[in-house]
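The values are calculated or read from the model by the stated rules, or taken from the named source; none is laboratory data. Given the structure is predicted, the values throughout are model-derived calculations rather than measurements. Quick reminder, even Gly has a Cβ in these numbers, built from the backbone with ideal geometry, and neighbours come from all protein chains shown. Keep in mind that these areas ignore ligands, DNA and RNA; they rest on the heavy atoms of the full protein, side chains included. Shrake-Rupley method; radii C 1.70, N 1.55, O 1.52, S 1.80 Å.
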Amino acid sequence: MNIEDLKGLVKNNKIAAFTICAYVAVLVYSPTIFFDSLKMTSIYFREMVEILPAVFIITGLVEVWVSRETIMNTFGEDSGMKGRLISVLMGSFSAGPIYAAFPVTYTLLKKGSSVSNIVIILSAWAVVKVPMLFVEAQFMGLPFMLTRYVITVPAIIGIGVVTGKLVSREQLIRGSTEEDILVERLVQVLPGHNCGACSYQSCHETAKALISGIADPSVCLPAEDEEKEEIKKILESHPKKQKAK
Amino acid sequence: MRITTIALISLAVFLLLWSFRKDKDKTKKSLRLSGKRLKGIGVEIISILALIGLFLTLIPPGTIRTILGDTSVPLATIISAAFGSVSLIPAFVAFPLAASLVDQGAHLVSMAAFITTLTMVGFITAPIEIEYFGKKFTLIRNILSFLAAILIALGMGVIL
């Protein structure tokens, strides 16, 4: 591996690089802290391994099966108070830490949910989960739990509504313009290794180059023939973009 | 394994079987999609979990206990909210911790702020959030959640 490859790898995995550096520094400073941290991390890691695959399987299935209309009617801009309450309920009956909620809510957003309902689901997922309430009542007492619940639910809805006013759907979805939608579709077909064999930094960049006609599907080395065919099909369905270049 | 985790995994398996019976190709497509997504974000999540592990080892809950022990309620509330914001602790660890803090004299108001920011505001998970929703959304959501946590805590101070 040469220096350039390493630079690219670090650039694509900034947080991982930072974490590794932090751990190396700690190992030099105090091996005890290093191993304690690893032990602590392994607890979180176990939770992640238990929950994330299921979360991603469900989001994938929702993406394939649930229609845009259904999501829009339930969580869209016009879903009103009912949509907000369903959002609170959905967040309440969830499992896993908040980072597991990001992929779920992102899928809903892409399928037509409003920004405010996304925030409501995220917040409810974080603070008023039903299993969490049981633990809370056990340790903090029932009055504490109930008071917090009663105050928190309206607060969550408030945060949702305000965020919805400040951020628009279009700003959030990478697939808001026609070209973005195309990029998104291609990225889903591309292998997603971000290997750089095609000379582009990431699969996202490759997708852009494919659309503008600069690159040919054959530049992608890890893609199987079947995937290259699919890429060609997607590109052909948008002939205008290809002619533009 | 906790019951919610089991429920979640069962739901995923059930939906997967249902989907597979209805349409093999669609299911395969959805699984490939899931796999790619998971791979895309996996390294980032593992890195952040490792950072949380490091953070909680460097600043163990016991230290927080001593700091909060001898400060006034308003200051303790802000410190609790701030500590809750940067870290991410599962509820089954957070509540026993909060309860032990109350036993040692911490005020309920501070604990409400602690619990709310702990779970809702996440500076350490912000990179993952940005990956999905962008910087603006992440910033606004976290700031609003932080403010709401303080308000919720104040509200609880009035009622309890």
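Miscellaneous remarks
- Look at the alpha carbon pairs under 8 Å that are at least 6 residues apart: their mean separation over the length of chain B gives a relative contact order of 22 percent.
- For the chain pair A and B, the buried solvent-accessible surface (1.4 Å probe, both sides summed) amounts to about 6900 Å².
- Solvent exposure of the stretch A:178-244 amounts to 57 Å² per residue of accessible area, where only protein heavy atoms count and the probe is 1.4 Å.
- Sorted largest first, extent of the stretch B:1-58 alpha carbons per principal axis (Å): 51, 28, 8
- Unit charges at the beta carbon, dipole of the stretch A:3-52: most positive-side option, A:Ile3, A:Phe45, A:Tyr23: A:Ile3
- Distance between modelled label sites at B:Val13 and B:Val73, nm, 7 Å Cα→Cβ extension: 5.0 nm
- Long-range lysine pairs (8 or more apart or interchain), the stretch B:1-58, Cα under 17 Å: 4
- Once C-alpha pairs closer than 8 Å and six or more residues apart are averaged by separation and normalised to the residue number of the stretch A:27-153, the relative contact order reads 24 percent.
- Its relative contact order, with pairs defined as Cα atoms under 8 Å and 6+ residues apart, puts chain A at 12 percent.
- Surface accessible to a 1.4 Å probe, A:His193 within the full protein complex, Å²: 100 Å²
- Hydrodynamic radius of the stretch A:68-135 by the Kirkwood approach over all distinct alpha-carbon pairs: 11.7 Å.
- Dipole magnitude of chain A about its Cα centre (Cβ charges: Lys, Arg +1; Asp, Glu -1), debye to nearest 20: 660 debye
- What the Cβ-Cβ distance of A:Ser218 and A:Leu27 gives, at R0 = 35 Å and to the nearest 0.05, is a FRET efficiency of 0.20.
- Axial C-alpha extent at least 27 Å, average Kyte-Doolittle at least 0.5 - helices from chain A (DSSP): A:31-65, A:142-166
- Solvent-accessible heavy-atom area per residue, rounded to whole Å², over chain B at 1.4 Å: 46 Å²
- The distance between label points at B:Leu139 and A:Ile3 comes to 3.4 nm (points 7 Å beyond Cα on the Cα→Cβ vector).
- Diffusion constant of the protein assembly as shown at 10 °C, which comes from Stokes-Einstein with the Kirkwood Cα-pair radius and 1.306 mPa s, µm²/s: 70 µm²/s
- Neighbouring partner chain Cβ atoms per residue of A:17-27, average, 10 Å criterion: 3
- Percent of C-alpha pairs per 5 Å bin, the stretch B:8-110, short to long: 2, 10, 14, 15, 11, 8, 8, 9, 8, 6, 4, 2, 0
- Here the protein assembly as shown has 67 percent of its accessible surface on carbon and sulfur atoms, given a 1.4 Å probe and all protein chains in place.
- Membrane-span-like helices in chain B, defined here as complete DSSP H runs extending at least 27 Å along the helix axis by their C-alpha atoms with mean Kyte-Doolittle hydropathy no lower than 0.0, are B:3-22, B:24-58, B:126-159; this is a sequence and geometry rule, not a statement about a membrane.
- For chain B, built as a Gaussian network whose Cα springs stay under 10 Å, the top-fluctuating residue of B:Ile140, B:Ile115, B:Ile79: B:Ile140
- Based on protein heavy atoms only, the stretch A:67-164 ends up with 36 Å² per residue of surface accessible to a 1.4 Å probe.
- Residues of the stretch B:136-160 whose accessible area, computed with a 1.4 Å probe over protein heavy atoms, drops by at least 50 Å² once all protein chains are present relative to their chain alone are B:Lys136, B:Phe137, B:Ile140, B:Arg141, B:Leu144, B:Ile152, B:Met156.
- With contributions of -39500 (n - 2.57) from each DSSP H run of at least four residues, the per-residue ellipticity at 222 nm computed over the protein assembly as shown stands at -26000 deg cm²/dmol.
- Expected-Rg normalisation [2.2 N^0.38 Å, Cα atoms] applied to the stretch B:60-160: 1.07
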